[in-house]
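Inspection log for the structure reproduced underneath, given as structure tokens.
The values are calculated or read from the model by the stated rules, or taken from the named source; none is laboratory data. In this text the structure is predicted, and so the values were computed from the model without any measurement. Note: ideal-geometry Cβ built from the backbone for every residue, glycine included; neighbour counts use all protein chains shown.
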Amino acid sequence: MLHVYIEPVPKGQWGPIDGYRIETQDGTRLSGELLRSERLAVSQAKLHGYVPLLATVRIPDKAVAEHWTPADKAPVTV
């Protein structure tokens, strides 16, 4: 199964998180709209057959493995 990344939006900015996007390793967005919670983003990714990874830092880098944790091993915020 292909891994996808659940990333907070806006990227690279400090402040409140407006929502989440589902992206592949190369940055292709799988979610057309902004998803309001990590839980909803994880559900969408699993529904489409992907293995979701959640960011563990506010400004994640897909090339750094420590910035990501599998969704089934992380507590999901609402």
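Of the residues making up segment 21-54, those that are among the small types (Gly, Ala, Ser), out of contact with any Leu (no Cβ under 6 Å at 6 or more places or on another chain) and at negative phi are Ser31, Gly32, Ser37, Ser43, Ala45.
The requirement of being at pLDDT below 90 and among the polar types (S, T, N, Q) is satisfied by Ser31.
When segment 30-56 is filtered for residues that are in contact with an Asp or Glu (Cβ under 8 Å, 6 or more places away or on another chain) and either under 15 Å from Leu2 (Cα atoms) or in a loop (DSSP other than H, G, I, E, B) (or both), the ones remaining, listed by number, are Leu30, Leu34, Leu54, Thr56.
One residue stands out in segment 1-28 among those that are in a loop (DSSP other than H, G, I, E, B) and more than 18 Å from Ile59 (Cβ to Cβ): the one that is farthest from the chain's Cα centre (by Cα), namely Met1.
Consider segment 55-71 and keep the residues that are within 14 Å of Lys11 (Cα to Cα) and among the charged types (D, E, K, R). The one that is surrounded by the most Cβ atoms within 10 Å (Cβ to Cβ) is Lys62.
Before we move on, is Ser43 in contact with a helix residue (DSSP H, G or I) (Cβ under 9 Å, 6 or more places away or on another chain) and hydroxyl-bearing (Ser, Thr, Tyr)? So Ser43 does not fit the description; no.
Within segment 60-78, residues that are more than 14 Å from Tyr50 (Cβ to Cβ) have Cβ atoms under 8 Å from residues that are at pLDDT 95 or above and in a loop (DSSP other than H, G, I, E, B) in no pair, counting only partners at least 6 apart in sequence or on another chain.
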